[in-house]
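Presented below is the structure to which this report refers.
The values are calculated or read from the model by the stated rules, or taken from the named source; none is laboratory data. Bear in mind the structure is a predicted one, so any value in this text is a computation, not a measurement. We place every Cβ from the backbone using ideal geometry, glycine too, and count neighbours over all the protein chains shown. For the accessible areas, the whole protein counts, side chains as well, though only heavy atoms, and no ligand, DNA or RNA atoms are used. Shrake-Rupley method; radii C 1.70, N 1.55, O 1.52, S 1.80 Å.
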Amino acid sequence: GPVAETFRVIQGAVTEEYARSTQGVFQFELSGDGGGTWYIDLKTKGGSAGFGKPPVTADVVMSMSNTDFVKMFT
């Protein structure tokens, strides 16, 4: 779905340099189709993004609809 595709693109864009310079972990609580808990980890070496809870405690937790999330990143 659109949420999973958005996270696939984000994961492909995450670089070691970007993770090192950002140093933040973002957790998204998304409602609607393809929703659930997703994360972008820009703190852990190499960075990562995907479904589920982040590997370390989130610095920011955002709750929104899946539609708003996809709009925010496109």
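Some notes on this structure:
- Here L42 meets each of (1) open to solvent by 50 Å² or more (accessible area, probe 1.4 Å); (2) under 11 Å from the mean Cα position of the chain (by Cα) with one exception, condition (1).
- Residues considered: E5, E17. Of these, the only one that is open to solvent by 80 Å² or more (accessible area, probe 1.4 Å), farther than 16 Å from F73 by Cα and free of Cβ contacts under 8 Å to residues at least 12 places away in the same chain is E17.
- Filter result for the condition that a residue is surrounded by 14 or more Cβ atoms within 10 Å (Cβ to Cβ), in contact with a helix residue (DSSP H, G or I) (Cβ under 9 Å, 6 or more places away or on another chain) and not hydrophobic (A, V, I, L, M, F, W, C), over G36, G32: G32
- Filtered by the rule that a residue be hydrophobic (A, V, I, L, M, F, W, C), outside any helix (DSSP H, G or I) and either under 21 Å from K45 (Cβ atoms) or modelled with pLDDT under 95 (or both), segment 5-31 gives V14, V25, F26.
- Yes/no for K71 being in a helix (DSSP H, G or I) and open to solvent by 60 Å² or more (accessible area, probe 1.4 Å): yes
- Hey, A58 open to solvent by less than 20 Å² (accessible area, probe 1.4 Å) and not in a strand (DSSP E or B) or not: no
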